[in-house]
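Right, one structure below, let's go through it.
The values are calculated or read from the model by the stated rules, or taken from the named source; none is laboratory data. Note that the structure is a prediction, hence the values are computed from the model and not measured. Neighbour counts run over all protein chains shown; Cβ positions are idealised from the backbone, glycine included. Keep in mind that these areas ignore ligands, DNA and RNA; they rest on the heavy atoms of the full protein, side chains included. Shrake-Rupley method; radii C 1.70, N 1.55, O 1.52, S 1.80 Å.
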Amino acid sequence: MKLIDVRAVAFCAAMLAVFSAGISSASQLDKSSLEQWKTDYVRPGLVPFPEDNPYTVEKADLGKKLFFDPRLSGSNAISCASCHNPAFSWGDGLAKGVGHGSRQLGRRTPTIWNLAWAELLMWDGRFETLEEQALGPMAADVEMAQDMSTIVGELSAIPGYRALFNIAFPDEGITIDTIAKAIATYERTVVTGIAPFDRWVAGDETAIPEEAKRGFALFNSKANCVACHSGWNFTDDSFHDIGLNDDDPGRAAELPGVEKMRHAFKTPTLRNIDLRAPFMHDGSLTDLAAVVRHYNAGGIQRPSLSDDMKPLGLTPAEESYLVAFMETLTSPEEPVSIPLMPR
Amino acid sequence: MLRISLSLLAALGLVVSAIALAATDHTVTEKGKKFSEKKLTIQAGDSITFVNDDNITHNVYSKKVNQFDTGAQKPGASDRIVFKNKGKQKVRCAIHPKMKMTVVVE
């Protein structure tokens, strides 16, 4: 009986400790700070389109067909969607992309989510606009390997495309420029939906678990993820060396005179991030827990390492809160229909 | 007398023309990953001095109309760029691409 009493007391004490710890952790979430931080993550109301390539339904529909059409490649077997596959959150699920002739590329395929808001494109930022970027992989020998001097003729030989281009671009028809404009217009319509995080930001306290709220607080404070993954799309569109063990020059290929651009790559969005493993520009980290562990350790020390990269001193529990938070950034998406190809 | 007056007028005219043609140097500062101006309209031949007033390295470049690239611009550094050609161009930091402005040269 005494033993039972001791056990009961011990159990009650343990439960009290757990309960107190819960209360303590919860109270550590400074509500005013949370509310202040939330204001930085409110979704925009409208998708931006550039003045020189405004949205039309006809252009976006045509762009979708082009995006999914393998005839835009040299082999007529690879489309933009071969790598930017909607079934893999507009990536390919591989550590590194695979291009023309099944050759492995040097970097992981980035998603095309939310590019309407992007500044400079590609991991190394070598394209100024989405229109420029749309043509880049098409023309690259290692990617789609399309002979750009023949693409207009090839599409012009397809009556269905002639009709669609004449509707979308009545004064221009099929040109390199209108191919790029149509694809870019479609890509700008690829926007992540409302995630549980968005519902929490909008005021629904039940939308995400407490662990995720703690993760959000860490994201904006001790872990300092916000230094780069800022704003509603969780990217500053800037370039940083985050200390991965890789000799890829990154942005330095474009800016050889800037030390901090060595091994620097563009900050990717974290929207729907848990659907896009493996991670990083080289696909070297297999899950979000490994990513957080990398940042917690601080990365390889070298002159180009971002000034924001420092050992964080996160506990295992805090690491898990960050993962829990990132998991709330995933929106339920409808399957994407594949268009019928013009013939 | 008439000759002297004409000479004076001519001299005055030259001075006025010189003042009208004098190029202006504008200053744009970089702070908090932002340019101090979102849009700046200047005259052809004017210059802009870009001053890094931030505590991180920036860069300023433009690829159209008047092409230039300052390379790495450390905190406290500045670069003076002359804009000779007329037109509208986007100017931005290649390290922090959201840091951008428009320069209109008339």
Just the accessible area per residue of region A:222-280, please: how many Å² with a 1.4 Å probe? 33 Å²
Please report the net charge: other residues with Cβ closer than 12 Å to the Cβ of residue A:60, K and R +1, D and E -1. +2
Hey, can you grab everything whose amide H is under 5 Å from the amide H of residue B:46? Only 5+ residues off in sequence or another chain; H modelled, so Pro and N-termini drop out. B:24, B:83
Inter-part gap, Cα centre of region A:72-129 to Cα centre of region A:260-309, in whole angstrom, is 18 Å
Compactness of the protein assembly as shown, expressed as Rg and Dmax over alpha-carbon positions, Å: 27.3, 130
Note on region A:57-188: alpha-carbon gyration tensor, axes a ≥ b ≥ c; rule is a/c under 1.5 for rounded, else prolate if a/b larger than b/c, else oblate; result prolate
Using a 1.4 Å probe over the heavy atoms of the protein chains, calculate the carbon and sulfur portion of the accessible area of region A:39-169 as a whole percent. 57 percent
With Cβ to Cβ distances under 13 Å as the rule, what net charge do the other residues near residue A:225 carry (K, R +1; D, E -1)? -3
Distant-in-sequence amide H partners of residue A:140 (H built 1.01 Å from N, under 5 Å): A:145, A:146
List the accessible area buried at the contact between B and A, summed over both sides and calculated with a 1.4 Å probe, in Å² to the nearest 100. 1200 Å²
Do any residues of region A:252-291 show a loss of at least 40 square angstrom of accessible area between the isolated chain and the full protein assembly, using a 1.4 Å probe, and if so which? A:255, A:258
Neighbours of residue A:73 by Cβ distance under 12 Å: Lys/Arg at +1, Asp/Glu at -1, summed charge -4
HN-Hα J in Hz across region A:257-262 - Karplus 6.51, -1.76, 1.60, θ = phi - 60°, x for Gly and Pro: x, 10, 3, 5, 8, 5
Ordered by residue, what ³J(HN,Hα) values in Hz, to whole numbers, does region A:192-208 give under the Karplus form 6.51 cos²θ - 1.76 cosθ + 1.60, where θ = phi - 60° and Gly and Pro are x? 5, x, 6, 9, x, 4, 5, 5, 5, 4, 7, x, 7, 5, 8, 5, 9
Within a 10 angstrom radius of each residue's Cβ in B:87-97, how many Cβ atoms of other chains show up on average? Whole number is fine. 4
Just to check I understand the Karplus step: with θ = phi - 60° and J = 6.51 cos²θ - 1.76 cosθ + 1.60, what whole-Hz values come out for region A:74-86, glycine and proline as x? x, 8, 6, 10, 10, 10, 4, 6, 4, 9, 8, 8, x
Here the relative contact order (percent) of chain A, from C-alpha pairs under 8 Å and at least 6 apart, is 21 percent
Within the accessible area of region B:23-105, what % is carbon and sulfur when the probe is 1.4 Å and the other protein chains stay in place? 46 percent
